[in-house]
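*Asks:* Here it is, the structure in full.
The values are calculated or read from the model by the stated rules, or taken from the named source; none is laboratory data. Every value quoted in this text rests on a predicted model; they were computed, and no experiment measured them. Cβ sites come from the backbone with ideal geometry, for glycine too, and all protein chains shown count toward neighbours.
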Amino acid sequence: MATLSRQQKYGLIFLVGWLANLFLCCLVAFVLVRALFAVAEPDHWVLVSFWTHICLFLGFSIAFLLFLLFNNYTAVIFATVFTVCQILCVLITSLTIIADDDSNPSIGFSKDPILWIKSRHWLPILFSVIFIPLFAAQIFLINRYAAHLGISGGSKRNTAAYSSAPTGQSGEEQLNIVQQQQHHHEQLQHHDNLHD
């Protein structure tokens, strides 16, 4: 059986995470559409929250695609920000649904999908328990993969090695220190690649 390279492993993990995120977005969209066509008019805060989640998913998908295509640091930042916002959106929506006193266990899903969910507190708790760790793992993996690719936000002159050099050293001495540290970093990456 062939072993996967590090990039293939990250790609597979990203695909699984994105598909799970897509599944959540589709469920939210399904409930949103059903709520708009239901007999009872849904609360406006629920509509705003659900639309926000869909927009955040689309923003994350675009930023993540740009990151994968161009290895762009700005795209990493945006993908991370969109994921953090998704965590907050799921958390706030779940807590608000649980805290809402409006409940009717006998109501049917087709009549009022939002009230049906509000009457079953375990649903938002289950979604939070599943998807908040998934989003947190996405943030960790995106940042780790970006670090593996060597993507950073600063130029080489903004590195810790350059800025931590004593001020009494000449520019040539500082450049030598930076080059030595870069060479050491490349050796470590080569060593890591051999073990993968």
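*Asks:* Inspect all residues belonging to region 26-44 and state whether any of them is in contact with a Leu (Cβ under 6 Å, 6 or more places away or on another chain), among the β-branched types (V, I, T) and surrounded by 15 or more Cβ atoms within 10 Å (Cβ to Cβ).
*Replies:* Looking for residues that are in contact with a Leu (Cβ under 6 Å, 6 or more places away or on another chain), among the β-branched types (V, I, T) and surrounded by 15 or more Cβ atoms within 10 Å (Cβ to Cβ), one finds none in region 26-44, hence no.
*Asks:* Could I ask something else about it? Can G59 be described as in the same structural domain as I132 (by TED's automatic domain parsing), over 16 Å from A137 (Cβ atoms) and either crowded, with 16+ Cβ neighbours inside 10 Å or touching a His at 6+ places or on another chain (Cβ under 8 Å) (or both)?
*Replies:* yes
Quick grid of which residues meet (1) closer than 30 Å to W18 by Cβ; (2) surrounded by 14 or more Cβ atoms within 10 Å (Cβ to Cβ); (3) in contact with a Leu (Cβ under 7 Å, 6 or more places away or on another chain):
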residue: T74; (1), (2), (3): yes, no, no
residue: T83; (1), (2), (3): yes, yes, no
residue: I87; (1), (2), (3): yes, yes, no
residue: L91; (1), (2), (3): yes, yes, no
residue: S103; (1), (2), (3): no, no, no
residue: I107; (1), (2), (3): no, yes, yes
residue: D112; (1), (2), (3): no, yes, no
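*Asks:* Additional query: Looking at region 65-123, which of its residues are in contact (Cβ under 8 Å) with a residue 60 or more places away in the chain and either of a type in the set (S, T, Y) or outside the structural domain of F30 (by TED's automatic domain parsing) (or both)?
*Replies:* Y73, T80, S110
*Asks:* Considering each residue of region 1-42, count those that are closer than 23 Å to Q86 by Cβ and not β-branched (V, I, T), and give that number.
*Replies:* 23
*Asks:* Let me ask something additional. Could we say that L69 is closer than 15 Å to I139 by Cβ and surrounded by fewer than 15 Cβ atoms within 10 Å (Cβ to Cβ) here?
*Replies:* In short, no.
*Asks:* Exactly one of these conditions fails for I132: (1) surrounded by fewer than 18 Cβ atoms within 10 Å (Cβ to Cβ); (2) assigned to a helix (DSSP H, G or I); (3) at pLDDT below 85. Give me its number.
*Replies:* Every listed condition holds for I132 apart from (3).
*Asks:* Taking the options I54, I13, name whichever one is modelled with pLDDT under 90, within 18 Å of I132 (Cα to Cα) and either assigned by TED's automatic domain parsing to the domain that holds N143 or surrounded by 17 or more Cβ atoms within 10 Å (Cβ to Cβ) (or both).
*Replies:* One residue alone meets the criteria, I13.
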